[in-house]
Amino acid sequence: MTTPPTTFSGYGLGLRREHYRDFLDTDVPVDFVEVISENFMVDGGQPLHILRQVRERHPVILHGVSMSIGSADGLDRDYLLRLRALADAIDPLYVSDHLSWSRVAGFSSHDLLPVPYTEEALDMVCHNIDMAQGILDRAMLFENPSSYVAFDGATLHEWEFLAEMSKRTGCGLLLDVNNVYVSASNHGFDAHAFLRGIPAERVRQIHLAGHTQGPGILIDTHDQPVCDDVWALYATAVDLLGPVATMIERDDDIPPLADLLDELAIARGIGQRKQEAA
Amino acid sequence: MNLAQWQNDFRQWLLTGNEDNARVFGHCATLGLDIYQNNYRTQLVRCLGVSYPTIARWLGEDAFREAAITHIETHPPRGWTLDTYGKDFEDTLSTLYPHNPDLHELAWIEWALSEAFVATDAPALSRDALWNVDWETANLHLTPSLRLRTATTNADAIWQALQEDNARAPDGEMLDIPGGLIVWRREYTSRLQRVDAVEYAALRSLQDDPRFDTLCEHLVDRLGEEAGIARAGTLLADWLDAALITTITPA
């Protein structure tokens, strides 16, 4: 079994195109940046050139959206080899993806579709994680996704699934606090039970993001600031987990970098207050 | 129901929006399934808009959206990256607008520019490297970012005009003499150029056979001995200046 990656605490941001110049021309006060892996799994050109320059200044986390770890069809070997090549070139702090699936029968949805929390799916996910970690030659992190559909035949809570998955494969966990909030609201479970149910010693990173109220359902849009309820849940998570690498994840309606740094300062303040109180 | 069947039903729902496929997930799932269906389609429409911003301006918002929806219904995404999703959009446009070669060539330009943008890095060859070349046995290697196609319209001029805000693009016109469109990347910027039929054929020839003497033979056949050799020299200089040639190797 793979050993979970080492712990790193600090505060970071997702690197987005709108802020490339800020990161190249100024000393942005972050402890790490996270990039979407697939945007840089290319043969050459400016994206890789920029990433290499940013890597000289900051630790980088590779965060993927297309591994499809929950796919009953297994994994795409070509995808994994390209990711391995990128990881070898960048030497990332972590390599992560989502507990979700997007590909089946040659079709790719390009969305983070929910995995039914059953024993069969757990076996499949663990098998796929073993393959991914074997090819990448490193332990990965997997993120809890937001979900809008629950499976009638589910036999496990999401946090039980994550805990067992991590125990069997040695992978770490990426806790998206906003996703916990969104899924708890959509499916009617207790967000605090989720936080208490995941193995704290396996959590290596936290995502914070905003969501949108849809028609009778919360939607994980990443186009808003983090809301007060999610900040409160984050404070609880810090109590339970201790210092964990934390970042603001913004993917749409992207504001000036200064606004995101202000939001990151809130996270930093919560983390530091909790540490001082401990 | 096993996991594979469950995922196949989910896929069918995304592709068709058919209520029969949704029913297996239970009555309570309807609201959530609609979110996934909307995310799927919205993301692909947005992806095509990002890949083809000039086509979107040229066609207008409603016509572009209609073309995008047609494409999504006929070309479900298969690759692991959204970056490749728009590759066949020119085919959809050709079906929807069969008598608009300017539109087809415009779509090719946009896709070729985005492919060139992330093509394999290959530093350009400097003129200093020419001193010791044995031209009788030399092979010329073109940049891996180079894309070529026949030009029959003024799509390049339309594309150029539409890069500027509020600029009025020229009407689409057929060229008096077809030439070629070339797209490549110089350092980190993708470039577009229309070339005449001789240069287009010369580049095509070089892609098929890198030997410089074959290129010269091709040009001599086309232009005659003196003009053919002179043109080979001019093209070589132009291609070096444009960063189209990356290496020259002995045969």
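The values are calculated or read from the model by the stated rules, or taken from the named source; none is laboratory data. This one's a predicted model, so the numbers in the text were calculated from it and none came from an experiment. Backbone-built Cβ (ideal geometry, glycine too); neighbour counts: all protein chains shown.
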### Message
I'd like to verify a number: residues in segment A:245-265 that are at pLDDT 95 or above and closer than 21 Å to residue A:59 by Cα, how many?
### Response
14
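Results for (1) farther than 20 Å from residue B:10 by Cα; (2) among the charged types (D, E, K, R); (3) surrounded by fewer than 22 Cβ atoms within 10 Å (Cβ to Cβ); (4) modelled with pLDDT under 95, shown as yes or no for each residue.
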| residue | (1), (2), (3), (4) |
| --- | --- |
| A:115 | no, no, no, no |
| A:127 | yes, no, yes, no |
| A:135 | yes, no, yes, no |
| A:138 | yes, yes, yes, no |
| A:144 | no, no, no, no |
| A:152 | no, yes, yes, yes |
| A:157 | yes, no, yes, no |
| A:163 | yes, no, yes, no |
| A:171 | yes, no, no, no |
### Those residues of segment A:87-122 which are of a type in the set (S, T, N, Q) and away from chain B (no Cβ under 14 Å), in sequence order
A:96
### Query
Do the conditions hold for residue B:11, that is, is it facing another protein chain (nearest Cβ under 10 Å) and not hydrophobic (A, V, I, L, M, F, W, C)?
yes
### Contacts under 6 angstrom Cβ, first residue in segment A:197-211 being charged (D, E, K, R), partner in a strand (DSSP E or B), 6 or more apart
A:202/A:172; A:202/A:173; A:204/A:141; A:204/A:172
## Note on the structure
Here the residues within segment B:84-116 that are under 30 Å from residue A:82 (Cα atoms) and more than 14 Å from chain A (Cβ to nearest Cβ) are B:88, B:89, B:90, B:91, B:92, B:107, B:108, B:109, B:110, B:111
## Note on the structure
Checked B:162, B:142 against criteria (more than 14 Å from residue B:246 (Cβ to Cβ) and more than 14 Å from chain A (Cβ to nearest Cβ)); the one match is B:162
### Message
On the basis of being on the phi < 0 side of the Ramachandran plot and within 14 Å of chain A (Cβ to nearest Cβ), does residue B:29 make the cut?
### Response
yes
#### Entry: Any hit, segment B:154-169, residues being crowded, with 18+ Cβ neighbours inside 10 Å and closer than 25 Å to residue B:120 by Cβ
yes
### Query
Is it the case that some residue within segment A:20-32 is more than 11 Å from every other protein chain (Cβ to nearest Cβ), surrounded by 16 or more Cβ atoms within 10 Å (Cβ to Cβ) and of a type in the set (Lys, Arg)?
no
#### Entry: Subset of segment A:1-48 (residues that are farther than 25 Å from residue A:244 by Cα and polar (S, T, N, Q))
A:26, A:39, A:46
### Query
When you look at residue A:35, is it farther than 29 Å from residue A:165 by Cβ, under 20 Å from the mean Cα position of the chain (by Cα) and buried (at least 18 other Cβ atoms within 10 Å of the Cβ), yes or no?
no
### Query
Taking segment B:121-151 as the search range and keeping residues that are touching an Asp or Glu at 6+ places or on another chain (Cβ under 7 Å) and at pLDDT 95 or above, which one is farthest from residue A:47 (Cα to Cα)?
B:151
### Query
Restricting the search to segment B:59-71, which residues are under 19 Å from the mean Cα position of the chain (by Cα) and of a type outside the set (Gly, Ala, Ser)?
B:59, B:64, B:71
### Query
Take the residues of segment B:117-139 that are more than 14 Å from chain A (Cβ to nearest Cβ) and among the aliphatic types (A, V, I, L, M): which is farthest from residue B:192 (Cα to Cα)?
B:133
### Message
Take the conditions in a strand (DSSP E or B) and either away from chain B (no Cβ under 14 Å) or within 23 Å of residue B:79 (Cα to Cα) (or both) and apply them to residue A:173. Does it pass?
### Response
yes
### Task
Within segment B:116-170, track down each residue that is over 23 Å from the mean Cα position of the chain (by Cα) and assigned to a helix (DSSP H, G or I).
B:127, B:128, B:129, B:130
### Query
How do the helices (runs of 4 or more DSSP H) wholly within segment A:1-102 filter down when requiring 2 or more residues that are within 26 Å of residue A:170 (Cα to Cα): which remain?
A:77-90
### Query
Listed residues A:194, A:161, A:151; which is out of contact with any Ser or Thr (no Cβ under 6 Å at 6 or more places or on another chain), assigned to a helix (DSSP H, G or I), within 14 Å of chain B (Cβ to nearest Cβ) and not acidic (Asp, Glu)?
A:161
### Query
Which of the residues that make up segment B:13-49 are over 16 Å from residue B:77 (Cβ atoms) and among the β-branched types (Val, Ile, Thr)?
B:24, B:30, B:35
### Summary
Within segment B:176-187, of all residues that are exposed (fewer than 14 other Cβ atoms within 10 Å of the Cβ) and at pLDDT 95 or above, the one farthest from residue B:140 (Cα to Cα) is B:176
### Query
When residue A:189 is evaluated against the numbered criteria (1) more than 19 Å from the chain's Cα centre (by Cα); (2) within 14 Å of chain B (Cβ to nearest Cβ); (3) crowded, with 16+ Cβ neighbours inside 10 Å, which criterion, by number, is the only one it fails?
(2)
### Task
Run down B:231, B:211 and say which single residue is among the charged types (D, E, K, R), surrounded by 13 or more Cβ atoms within 10 Å (Cβ to Cβ) and under 16 Å from residue B:137 (Cα atoms).
B:211
### Task
Identify, from the list B:22, B:56, the residue that is more than 9 Å from every other protein chain (Cβ to nearest Cβ), of a type in the set (A, V, I, L, M, F, W, C), over 32 Å from the mean Cα position of the chain (by Cα) and buried (at least 20 other Cβ atoms within 10 Å of the Cβ).
B:22
